[in-house]
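> Dropping a structure here in C-alpha cells format, bear with me for questions.
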Amino acid sequence: MCGIIALFEPEQSFDAALLDAMEQDIVHRGPDSGAQLSEPGLALVFRRLAIMDPRHDADQPMYDDSRRYALVFNGEIYNQSALRAVLEAAGDRFRTTSDSEVLLLGLRRHGVAFLDRLEGMYAFVFVDRRERKALVARDPLGIKPLYMMQKGRLLAFASEMTPLYRLRGPEPDLRAVSELLTFDWAAGRLSNIAGIDRLPGGTVVEVDLTTGRASERRFCDPLETLTCDSRMAADDLQHEVESAVTESVSDHLMSDVGYTLQLSGGVDSSVIAALVAKADRRKIKSFGLDLVGEEHNEAPFRRMVAGQYGLDHHEIPVDGEIYADALPRAVRHMEGPVAHSGCPLLMLLCDQSRAVSKVILTGEGADEFFGGYSRYGDWKKLARQEALSNWLPRVLTPPLWPFMGIRRFSGRDFAAYASVYHDPNPMWALFPGFSPPPGARETASARFGDFRSRMFAVDQMAYLESLLVRQDKMSMAASVEARVPFTHMPLARLLNRIPHRLRAPGGRTKPLLKTLADKLLPHELVHRRKIGLVLPIDRWLSDAGALGRYLDWLTQPDCRLAAYADPKALRRIVERYRAGERRGLPSVWRLVNVETWLRSLHTPRMPASPRSAINAEAS
C-alpha cells in the first residue's frame, strides 16, 4: 500500500519544490520511504508503506535493469507467486520478492495485455522512458483510488486529490454536491471536485508522452459478470462458494509484516476472522469499536468470536466527544463528507492497530455480492412500489402509509435509490435545483431488466466503492493497508453467476454466506437482525460537547452551505432541531457533514518543503 502521483506534459520540466510539496501531501500513505523520477515531460512521485519485501531494494519508483521502464504502484497483486513463476520460466530474473517487480516485469514483457492476468487491488503508472509511453490503470473493482486531472496539456494522476489542488484550486463540483446531499456519496467519475475525475475501476489510460495524447478504455467491467446463470444448480454450489471464500481469505494473508483483523461483531468480519484463525494458528490480534453503554453495541458478539478462535482482541472505547474530535481529520482524509458515519471511528481503530501491523483485514463487500442488505429481503416490495409510482403520479399519491415509500421516490429509479433509507424531499426543498439528475447509478441499473440484478449492479458500482474508498482513506490516514477478501474478482465472477433464487430469494439476506457462517460461528450471532455500526448521531448532535459543537457552523455568516440555500431557512432548521423537532426536517447530520467538508477546502495546505523535511517526517 502506497501513494502515487504522476504528471505528464510534453517537454515540461516540473518544479522540484512542487514535487516535494506533493510528496509531503501523501506521506501518510507511505511513511517508510519516498522517491521521485523527474525528467522533461514526466514526473513520478512515490511514498511507500513497505509490506511485501520491506527492504529498500523494493522501493519505488522501481526500474528494470536497463532503467528503460519505471513503475509506481499502490496495492497488492495476490497471484504474484504464480505470475512470478511464469515470468521466470520465460527468462525474467528478479532482484526482489516484491509483487511490484512482478508487475514491472510483467508489463515490460506483455504490455497492457498483462492486466488480464492480475488478481488484486492496484493503481499504477508504468512508463516506457525510451518510447515515451505510459500506462495508467486501476483495479476492476475500484479497491484502490486513483484520480485524474487535465489542465491544458498537463495530465495528472494521484492516489488522493489533495496534491492535485496544488495545480488547480479545489472548487466543489455542483453535480457531486447534489449526490452528497442525497446519497452521502457521489458515484461514477464524480470526485467531489470540479475538474478532477475519479478513474473508474477496470480502466486503463495509455499516454503518448511526446504528443500528450491520451486514450482511455475499460479493460474489465465487473458488471459484465452479473449474468445470473439459471443453469447453475444448488447441488455442490454451496461447497463451491465456501471454497472460493476460503481461497480468497488465504490469498489476502500475503504479507511480510503480519496482519490484524477489523472485527465488527457482524457475520462478515466474523467469517473472515474464523477463516483466518483456521489458516494461521498464531494468536491473531483483532480490534473492535466499543460503543460503551449504547443499545447497539456489538461488543458481546465480538467477544464470542474472539473466545471461540483464541483471538487477542482489543476493544477501543468511543463516545460522542471522541467522535466529534475525530470528524474534521476524517473529512480531510476522505476528501469529502464522510461517506458513512462510522468513518472517523474506523480511522481511530486503525490508529490503534498500526502499533501491531501495517495490514488489517476487513469484511467489506460481502453485502454487495451476497445480498446482505434489508433491501434484498424486501426486493419484491420495492419492485412493486416502483411499478406503482410509474403508474400513479406523485400528486395523486396520499402522504399516508402505505404510500409513503412510493411517494418518496416517485418517478425515480427505485433500484438506484434503494440504499436511501431517509426521505430526501425536505433536503431537495431546502436546496432548490439540487435534486440529483440521473447519473452513474441509473446508468448501471438500466443495463439490467430484473430488479435484483439492478440492485446488485448499483450496489457493486456505487455503494461498494463508497465503502472501499472509506476503508482505503481511513486506514491510510493511520498508515495502514486495509484488505477486503470479499471484494475479489475471482470470487465476484462466481457469485455474480449464481441465480437470484439462490443468492437473493427474498425474505432472507445472504443465505449462501450464512450457511457457511453456521459452520463457523454461534447461531445467535449468525441469525440475528443486522445492526452494523449504528451510532447515536442525533443524541451526539444534541450534545454541545459532542457533534453539537458543529451546529453553529450552519448559522454563522461564513456558512458554506448558505451559498446553495436560504441562510434563514438553515437557521430555522437548526433552531427547530435544537428545540427537539425532527418531523419534516432534512438530515441535520448530512448538513453538518457536507458543511465540514466545504470548510476543509479552505484549510491552508502545508507549504513546499525540502526533501530532508519530508524524510524526517516519514521517519
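The values are calculated or read from the model by the stated rules, or taken from the named source; none is laboratory data. Keep in mind that this is a model prediction, so the values were computed, not measured. Glycine gets a Cβ as well: all are built from the backbone with ideal geometry, and neighbour counts include every protein chain shown. The protein model used for the area step is the full one, side chains on, heavy atoms only, and it has no ligands, DNA or RNA in it. Shrake-Rupley method; radii C 1.70, N 1.55, O 1.52, S 1.80 Å.
> Of the conditions (1) touching a helix residue (DSSP H, G or I) at 6+ places or on another chain (Cβ under 8 Å); (2) crowded, with 21+ Cβ neighbours inside 10 Å, Arg166 fails just one. Which one is it?
It fails just one condition, (2).
> Then there's this: Taking Thr97 and the conditions (1) over 23 Å from Val205 (Cα atoms); (2) open to solvent by 60 Å² or more (accessible area, probe 1.4 Å); (3) not in a loop (DSSP other than H, G, I, E, B), which numbered condition does it fall short on, given that it satisfies the others?
So the condition that Thr97 fails would be (3).
> Sticking with this one: Taking segment 352-396 only, how many residues are in a helix (DSSP H, G or I) and within 27 Å of Ser248 (Cβ to Cβ)?
12
> May I ask you to list pairs of residues, at least six apart or on different chains, whose Cβ atoms are under 9 Å apart, with the first in segment 68-85 being at positive phi and the second being assigned to a strand (DSSP E or B)?
Gly75/Cys2; Gly75/Gly120; Gly75/Met121; Gly75/Tyr122; Gly75/Ala123; Gly75/Phe124; Gly75/Glu481
> OK, next. From the residues in segment 124-159 that are among the hydrophobic types (A, V, I, L, M, F, W, C) and more than 22 Å from Leu18 (Cα to Cα), which one is surrounded by the fewest Cβ atoms within 10 Å (Cβ to Cβ)?
Result: Leu135.
> May I ask you to list the residues in segment 456-480 that are under 26 Å from Glu242 (Cβ atoms) and either in contact with a Pro (Cβ under 6 Å, 6 or more places away or on another chain) or not polar (S, T, N, Q) (or both)?
Phe456, Ala457, Asp459, Tyr463, Leu464, Leu467, Leu468
For every residue, the table says whether it meets (1) among the β-branched types (Val, Ile, Thr); (2) assigned to a loop (DSSP other than H, G, I, E, B).
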{"position": "Glu160", "(1), (2)": "no, yes"}
{"position": "Leu164", "(1), (2)": "no, no"}
{"position": "Gly169", "(1), (2)": "no, yes"}
{"position": "Arg175", "(1), (2)": "no, no"}
{"position": "Asp197", "(1), (2)": "no, no"}
{"position": "Gly201", "(1), (2)": "no, yes"}
{"position": "Val204", "(1), (2)": "yes, no"}
{"position": "Val207", "(1), (2)": "yes, no"}
{"position": "Gly212", "(1), (2)": "no, yes"}
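> Sticking with this one: Closer than 20 Å to Ser255 by Cβ, part of a helix (DSSP H, G or I) and either among the hydrophobic types (A, V, I, L, M, F, W, C) or over 31 Å from the mean Cα position of the chain (by Cα) (or both): which single residue out of Leu83, Leu18, Leu87 fits that description?
Result: Leu83 is the single residue among Leu83, Leu18, Leu87 that is closer than 20 Å to Ser255 by Cβ, part of a helix (DSSP H, G or I) and either among the hydrophobic types (A, V, I, L, M, F, W, C) or over 31 Å from the mean Cα position of the chain (by Cα) (or both).
> All but one of (1) assigned to a loop (DSSP other than H, G, I, E, B); (2) without any contact (Cβ under 8 Å) to a residue 40 or more places away in the chain; (3) under 25 Å from Asp472 (Cα atoms) hold for Val102; which doesn't?
The number of the failed condition is (1).
The rows are residues; the columns are (1) in a loop (DSSP other than H, G, I, E, B); (2) touching a strand residue (DSSP E or B) at 6+ places or on another chain (Cβ under 9 Å).
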{"position": "Val271", "(1), (2)": "no, no"}
{"position": "Phe287", "(1), (2)": "no, yes"}
{"position": "Glu295", "(1), (2)": "yes, no"}
{"position": "Phe301", "(1), (2)": "no, no"}
{"position": "Gly307", "(1), (2)": "no, yes"}
{"position": "His313", "(1), (2)": "no, yes"}
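> Exactly one of these conditions fails for Pro200: (1) under 29 Å from Phe456 (Cα atoms); (2) at pLDDT 95 or above; (3) more than 21 Å from the chain's Cα centre (by Cα). Give me its number.
(3)
> Any residue in segment 26-48 that is surrounded by fewer than 20 Cβ atoms within 10 Å (Cβ to Cβ) and without any contact (Cβ under 8 Å) to a residue 24 or more places away in the chain?
The answer is no, given that none of the residues of segment 26-48 is surrounded by fewer than 20 Cβ atoms within 10 Å (Cβ to Cβ) and without any contact (Cβ under 8 Å) to a residue 24 or more places away in the chain.
> Shifting gears a bit: Kindly indicate whether any position in segment 193-203 is in contact with a Cys (Cβ under 6 Å, 6 or more places away or on another chain), touching a residue at least 60 places away in the same chain (Cβ under 8 Å) and open to solvent by less than 10 Å² (accessible area, probe 1.4 Å).
Yes, segment 193-203 has at least one match.
> Collect the residues in segment 287-298 that are in contact with a helix residue (DSSP H, G or I) (Cβ under 6 Å, 6 or more places away or on another chain) and free of Cβ contacts under 8 Å to residues at least 60 places away in the same chain, keeping them in residue-number order.
The one that is in contact with a helix residue (DSSP H, G or I) (Cβ under 6 Å, 6 or more places away or on another chain) and free of Cβ contacts under 8 Å to residues at least 60 places away in the same chain: Asp290.
> With segment 469-568 as the region, which helices (runs of 4 or more DSSP H) entirely inside it contain at least 1 residues that are open to solvent by less than 10 Å² (accessible area, probe 1.4 Å), under 23 Å from Met427 (Cβ atoms) and in contact (Cβ under 8 Å) with a residue 24 or more places away in the chain?
It comes to 537-541.
> Among the numbered criteria (1) open to solvent by less than 30 Å² (accessible area, probe 1.4 Å); (2) part of a strand (DSSP E or B), which single criterion is violated by Arg217?
If we test Arg217 against (1) open to solvent by less than 30 Å² (accessible area, probe 1.4 Å); (2) part of a strand (DSSP E or B), just (1) comes out false.
> Follow-up. Is segment 341-349 home to any residue that is touching a residue at least 40 places away in the same chain (Cβ under 8 Å), farther than 24 Å from Thr515 by Cβ, in contact with a Lys or Arg (Cβ under 7 Å, 6 or more places away or on another chain) and not in a helix (DSSP H, G or I)?
no
> For segment 50-68, what are the residues that are more than 19 Å from Phe157 (Cα to Cα) and part of a loop (DSSP other than H, G, I, E, B)?
Scanning segment 50-68 gives Ala50, Ile51, Met52, Asp53, Pro54, Arg55, Asp59, Asp64, Asp65, Ser66, Arg67, Arg68.
> Looking at the structure I just gave you, is Leu107 modelled with pLDDT of 95 or more, within 26 Å of Glu160 (Cβ to Cβ) and surrounded by fewer than 23 Cβ atoms within 10 Å (Cβ to Cβ)?
No, not satisfied.
> Of all residues in segment 569-604 being open to solvent by 80 Å² or more (accessible area, probe 1.4 Å) and assigned to a loop (DSSP other than H, G, I, E, B), which is farthest from Gly320 (Cα to Cα)?
Filtering first and then ranking leaves Pro604.
> Okay, next question. Which of the residues spanning segment 173-193 are more than 24 Å from Gly342 (Cβ to Cβ) and in contact with a helix residue (DSSP H, G or I) (Cβ under 8 Å, 6 or more places away or on another chain)?
Of everything in segment 173-193, just one residue is more than 24 Å from Gly342 (Cβ to Cβ) and in contact with a helix residue (DSSP H, G or I) (Cβ under 8 Å, 6 or more places away or on another chain), namely Arg189.
> Does Glu23 fit the bill of being among the acidic types (Asp, Glu) and crowded, with 22+ Cβ neighbours inside 10 Å?
yes
> Further question on the same structure: With the structure loaded, tell me whether Asp57 is closer than 20 Å to Arg29 by Cα and open to solvent by 10 Å² or more (accessible area, probe 1.4 Å) or whether it fails that test.
yes
> Could you count how many residues in segment 255-268 are part of a loop (DSSP other than H, G, I, E, B), of a type outside the set (Ser, Thr, Tyr) and open to solvent by less than 30 Å² (accessible area, probe 1.4 Å)?
Going through segment 255-268 one residue at a time, the tally reaches 4.
> Filter segment 277-305 down to the residues that are surrounded by 23 or more Cβ atoms within 10 Å (Cβ to Cβ) and among the aliphatic types (A, V, I, L, M), then identify the one that is nearest to the chain's Cα centre (by Cα).
Leu289
> Is at least one residue of segment 234-244 under 21 Å from the mean Cα position of the chain (by Cα), β-branched (Val, Ile, Thr) and open to solvent by less than 40 Å² (accessible area, probe 1.4 Å)?
no
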